[in-house]
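Trainee: This is the structure, below, for whatever I ask next.
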Amino acid sequence: MYHQIARNKRNSIIVVVLFIAVWLLAGFVIGEFGGGGVTAAVGGAIILGILGICAALYSYYLGSATVLTGVSSRSSTTSSRRWQSAMGCHCPRST
């Protein structure tokens with residue numbers, strides 16, 4: 001099981017690095033075609049690189065909360081207690 005966790009962490013790092021690399025490449029290409037020079041291309045890569053890092057940090061720290069809010073989720077303990085009460089179960093409650 002520990003090797004699966006290690007592989008998952010390694011794959012996650014690879015995905016984040018590739019995500020930021022795509023943003024850097026897109027910024028470079030946009031800067032090159034938009035500004036017409038290497039300086040503009042580097043500037044575009046820096047700007048989109050910063051945006052890519054911000055997007056990666058947002059998804060890492062707030063991604064699950066955003067998804068759970070979007071689907072209007074509720075705590076499973078609350079809904080399971082309501083279900084148990086409705087069914088007449090006298091199951092012990094965990095605190």
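Trainee: Taking the options Ala65, Ala56, name whichever one is in contact (Cβ under 8 Å) with a residue 40 or more places away in the chain and among the small types (Gly, Ala, Ser).
Mentor: Result: Ala56 is the single residue among Ala65, Ala56 that is in contact (Cβ under 8 Å) with a residue 40 or more places away in the chain and among the small types (Gly, Ala, Ser).
Trainee: Here's a follow-up. So if I check each of Ala45, Ala65, Ala40, which one is closer than 24 Å to Val15 by Cα and surrounded by 14 or more Cβ atoms within 10 Å (Cβ to Cβ)?
Mentor: Ala45
Trainee: Hey, does region 15-23 have a residue that's part of a helix (DSSP H, G or I), of a type in the set (Gly, Ala, Ser) and in contact with a helix residue (DSSP H, G or I) (Cβ under 8 Å, 6 or more places away or on another chain)?
Mentor: For region 15-23, residues part of a helix (DSSP H, G or I), of a type in the set (Gly, Ala, Ser) and in contact with a helix residue (DSSP H, G or I) (Cβ under 8 Å, 6 or more places away or on another chain): absent.
Here, each number is a calculation from the coordinates, and none is a lab measurement. From a predicted model like this one, the values you see are computed outputs, not experimental measurements. Please note: Cβ atoms are built from the backbone with ideal geometry, for glycine as well, and neighbour counts cover all protein chains shown.
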